[in-house]
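Trainee: Once you've had a glance at the structure underneath, I'll fire off some questions.
The values are calculated or read from the model by the stated rules, or taken from the named source; none is laboratory data. This structure is a prediction, so every number in the text was calculated from the model and none was measured. Cβ placement follows ideal geometry from the backbone for every residue including glycine, while neighbour counts extend to all protein chains displayed.
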Amino acid sequence: MEKTNNTLATEPIGKLIRKFAVPAVVSMLVSSMYNIVDQIFIGQGVGMLGNAATNVAFPVTIIATAVSLLLGIGSAANYNLEAGAGKDEQASEIAGTGLTALVVSGLVIAVIILVFLNPLLHAFGATKDILPYARDYTSITALGIPFFVLTTGGNHLIRADGSPIYSMVCMMTGAVLNTILDPLFIFGFHWGIKGGAIATVIGQVVSGFLVILYFAKFRKMELKTASFRPKALHLKRIVSLGMASCINQIAMAAVQIAMNNTLRHYGALSAYGSDIPLACAGVISKVNSVFMAICIGISQGSQPIWGFNYGAEEYGRVRETYKKSAVTCTVIATVFFLAFQIFPRQIVSIFGTGSEEYFHFAERYFRIFMFMTFTNGIQPMSSGFFTSIGKARLGIVMSLTRQVMFLLPLIFIFPIFMGIDGVMYAGPIADAAAAFLAIFFAHRETRKMKILQEAAV
């Protein structure tokens, strides 16, 4: 692949971002919609305990996503860097190693979840009333995890191969099918929460088969049978560049688990009880995942542009891409901030009914915990940026800032002094600190590129 003939090196940056980011955003939104749609229909058909159950089960999805991003983003980033440098054979070997690792890891995760289902759900914060619903839901959705992992990770390679539209179609097909089957199974067949889980698995299986079809029939990259034999050196490089996104997801899972257990404990000591905070937190985390899906999608769509042009030493194009992507994320973040502050009750109502105490807690949680939403696009954007240009350690640091360095300790410390309100106030403080660090390091890196760019003239 010649650098000068590749559209990543020649097309206007704005056009490239739209070309790659729009399908990536749609793919991420569709991925998050699996859980959102389940939450809406389960909330309407099962009630508050159903919402709480999907919240307790959510760390399973986050962990599967973490592995998907570790291998998918790591493979795609390395593929683009090698392709940008003109090393096509090495790029294809990396892609083959990543695909094989995705298949194996998805199977392993599914087996672990099914074998240790009850202990995991207890650890994730299930109460006595919530556990039966969470067990019914997770025991079924675990069967779709191998397909979910392959789809989520494989779509990064499909985009890196220059087919963002096909990537979007893979995700949309499964999500649309899930949306159609959810009400049919939950209300029509009266399968309750199990119906939502079955609909999810069917959608994931269809999406997974579309990914397999792409690499079997429609791929542009050169893949041979030998390419699928994992090579330790390639796997090490994949893990290195995918680790930032993986750690970010693992941190999200850790925070979700810690928050569930904290809400269960301090909720029992409050007027709300344990189940209301767990249900509210589940709804709000799913709504926030829509916003994060957009920002992460823009970051993922920008990654081929960053990686290829950095490998080709076109630093001006790298800087321009980061600036335009960051501005776009901030504008979108501000829109969501206003919605969270002005319409919290209306948003929560979409996910079913509840007592007045339920809505009161949800409104306060939305307005306080999500108060710094307008800054929240910068951190995932910067993490993806550093990963794409080969700065794996800095990408990992960025992925750790909000969840691990700030939010996780604050979730434990603040409730000691403030009760259940402490969980809410931990959110905006962590968000502000993470945004500050992301802006600082991104500015420093882009200044270095500017110096290199001026020196080359």
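Trainee: Please give the number of the condition ILE420 fails out of (1) touching a Phe, Trp or Tyr at 6+ places or on another chain (Cβ under 7 Å); (2) under 25 Å from ILE73 (Cα atoms).
Mentor: Here ILE420 meets the rest and fails (2).
Trainee: Residues in the range 347-359: is at least one in contact with a Gly (Cβ under 9 Å, 6 or more places away or on another chain) and of a type in the set (A, V, I, L, M)?
Mentor: Within the range 347-359, one or more residues are in contact with a Gly (Cβ under 9 Å, 6 or more places away or on another chain) and of a type in the set (A, V, I, L, M).
Trainee: Which residues, counting only those in the range 405-457, are charged (D, E, K, R) and either free of Cβ contacts under 8 Å to residues at least 40 places away in the same chain or touching a strand residue (DSSP E or B) at 6+ places or on another chain (Cβ under 8 Å) (or both)?
Mentor: Of everything in the range 405-457, those that are charged (D, E, K, R) and either free of Cβ contacts under 8 Å to residues at least 40 places away in the same chain or touching a strand residue (DSSP E or B) at 6+ places or on another chain (Cβ under 8 Å) (or both) turn out to be ARG444, ARG447, LYS448, GLU454.
Trainee: Sticking with this structure for a sec: Kindly indicate whether GLU356 is closer than 14 Å to ALA281 by Cα and either surrounded by fewer than 19 Cβ atoms within 10 Å (Cβ to Cβ) or charged (D, E, K, R) (or both).
Mentor: no
Trainee: Follow-up question, since we're still on this one. Tally time: how many residues in the range 204-215 are closer than 11 Å to THR173 by Cα and touching a Ser or Thr at 6+ places or on another chain (Cβ under 8 Å)?
Mentor: Final tally of qualifying residues: 5.
Trainee: Could you tell me which numbered condition ILE284 fails, if it satisfies all but one of (1) over 12 Å from the mean Cα position of the chain (by Cα); (2) crowded, with 23+ Cβ neighbours inside 10 Å?
Mentor: Result: ILE284 fails condition (2) only.
Trainee: Separate question: Name the residues in the range 375-405 that are crowded, with 21+ Cβ neighbours inside 10 Å and either out of contact with any helix residue (DSSP H, G or I) (no Cβ under 7 Å at 6 or more places or on another chain) or more than 24 Å from ALA253 (Cβ to Cβ) (or both), would you?
Mentor: ILE389
Trainee: Determine, yes or no, whether PHE343 is free of Cβ contacts under 8 Å to residues at least 40 places away in the same chain, more than 21 Å from the chain's Cα centre (by Cα) and surrounded by 15 or more Cβ atoms within 10 Å (Cβ to Cβ).
Mentor: So PHE343 fails the test.
Trainee: While we're looking at this one, here's another question. Surrounded by fewer than 24 Cβ atoms within 10 Å (Cβ to Cβ) and touching a Lys or Arg at 6+ places or on another chain (Cβ under 7 Å): is that true of GLY86 in this structure?
Mentor: The answer is yes for GLY86.
Trainee: Kindly evaluate VAL290 against the criterion of being under 17 Å from the mean Cα position of the chain (by Cα), within 29 Å of TYR166 (Cβ to Cβ) and either surrounded by fewer than 21 Cβ atoms within 10 Å (Cβ to Cβ) or outside the structural domain of TYR358 (by the TED database) (or both).
Mentor: Yes.
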